[in-house]
Amino acid sequence: MSILVETHGTISTGEDMASFMQKVNQGNINIIWDIAHTVVHEETVEESYDYLESYLKHVHIKDFKKIKSSSSDGDDPYSLWERFVPPGKGNFPLRQFIKLLQQKNYKGVICLETPASYANAEQCLQDLVCLFEESVKL
């Protein structure tokens, strides 16, 4: 059995999570990489992957759409984004993310996050499959 910790909250970036994991230093504790949190905190998918690679067992895929270029909400980077749009309909670098996972020969779990705001979870899954198919061709 293992415990997975998600990139979220005070450990939202790959850099912060890698530092946390080095402090924890437990072989049965690994990472869920939620792309939303690392991207919103302006870390590239390549940077995140490099930090997380040795602990990575599970990734969450979802997409957000950027709605503002600067925040009027102080330090909250999430205020710039509309939460949860169907995969490929937002501004996250999903094709780049998928291609990176393929190039790195990632063998862990890939999870489509489908919150209640998705009108049609089945269509979202089909959109994600199409993204994977397109990314293989790149």
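Here are some notes:
- Length-normalised contact order for the chain - Cα pairs under 8 Å, 6+ apart - percent: 21
- Those lysines that a straight Cα-Cα span of less than 20 Å connects to Lys107, excepting residues fewer than 8 apart in one chain: Lys57, Lys62, Lys99, Lys137
- For the chain, a simple Cβ point-charge model (Lys and Arg +1, Asp and Glu -1, everything else neutral) yields a dipole of about 360 debye relative to the Cα centre.
- Bridge orientation summary for the chain: considering DSSP beta bridges with both residues in this region, about 25 percent are antiparallel.
- Probe 1.4 Å, protein heavy atoms only - accessible area per residue of the chain in square angstrom: 56
- Residues of region 1-28 with amide N under 14 Å of a point placed 7 Å along Cα→Cβ from Ser54: 15, 17-28
- When the trypsin sites (Lys or Arg not before Pro) in region 25-109 are filtered for DSSP coil states and for at most 11 other beta-carbon atoms within 10 Å of their beta-carbon, the remaining sites are Lys68, Lys107.
- Along each principal axis, Cα extent of region 1-79, largest first, Å: 42, 22, 20
- Lys68 paired with Ile3, simple spin-label distance in nm, labels 7 Å along Cα-to-beta-carbon: 3.6
- Once the Cα gyration tensor of the chain is diagonalised, semi-axes √(5λ) in Å: 23, 20, 14
The values are calculated or read from the model by the stated rules, or taken from the named source; none is laboratory data. As the structure is a computational prediction, the values presented were derived from the model and not from experiment. Counting neighbours? That spans all protein chains shown, and the Cβs are built from the backbone with ideal geometry, glycine included. Areas reflect the complete protein model, heavy atoms only, side chains present, ligands, DNA and RNA absent. Shrake-Rupley method; radii C 1.70, N 1.55, O 1.52, S 1.80 Å.
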